[in-house]
1. Taking the stretch 27-43 as the region of interest, how many residues are open to solvent by 90 Å² or more (accessible area, probe 1.4 Å) and part of a helix (DSSP H, G or I)?
2. Report, ordered by the first and then the second residue, all pairs with beta carbons closer than 7 Å, sequence separation of six or more or different chains, a first member in the stretch 1-21 that is part of a helix (DSSP H, G or I), and a second member that is not small (Gly, Ala, Ser).
3. Under 8 Å between Cβ atoms, which residue pairs at least 6 apart in sequence (or on different chains) link something in the stretch 43-54 that is more than 15 Å from residue 33 (Cα to Cα) with a partner that is surrounded by fewer than 10 Cβ atoms within 10 Å (Cβ to Cβ) and hydroxyl-bearing (Ser, Thr, Tyr)?
4. Can you name the condition, by its number, that residue 56 falls short on among (1) modelled with pLDDT of 95 or more; (2) touching a helix residue (DSSP H, G or I) at 6+ places or on another chain (Cβ under 9 Å); (3) not basic (Lys, Arg)?
5. Check off (1) open to solvent by 90 Å² or more (accessible area, probe 1.4 Å); (2) over 12 Å from the mean Cα position of the chain (by Cα) for residue 23 and give me the number that stays unchecked.
Amino acid sequence: MKSLLIGFGLMLLFEGLGPLLFPRLWQRVLRQIGEWPAASLHRLGGALVVSGLVILWMVMRE
């Protein structure tokens, strides 16, 4: 449970850096991503999930 909370805290920390440091750029990027076709967002989400799983697998096998 502790590892899960650490991971969640790190995720929130990194997700918050963009809007904290570059709010206007963050707005522009989100607007542009909102115009992407659903299929592209689907592929992006899949790639992020697979990347996260690979990282977790690499860390856990040590």
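1. Total meeting the criteria: 7.
2. 18/26; 19/26
3. Nothing qualifies.
4. (1)
5. If we test residue 23 against (1) open to solvent by 90 Å² or more (accessible area, probe 1.4 Å); (2) over 12 Å from the mean Cα position of the chain (by Cα), just (1) comes out false.
The values are calculated or read from the model by the stated rules, or taken from the named source; none is laboratory data. Just so it is clear, the model here is predicted, and its values are computed rather than measured. Cβ atoms come from the backbone with ideal geometry, glycine included; neighbour counts cover every protein chain shown. To get the accessible areas, we keep the full protein, side chains included, count just its heavy atoms, and leave off ligands, DNA and RNA. Shrake-Rupley method; radii C 1.70, N 1.55, O 1.52, S 1.80 Å.
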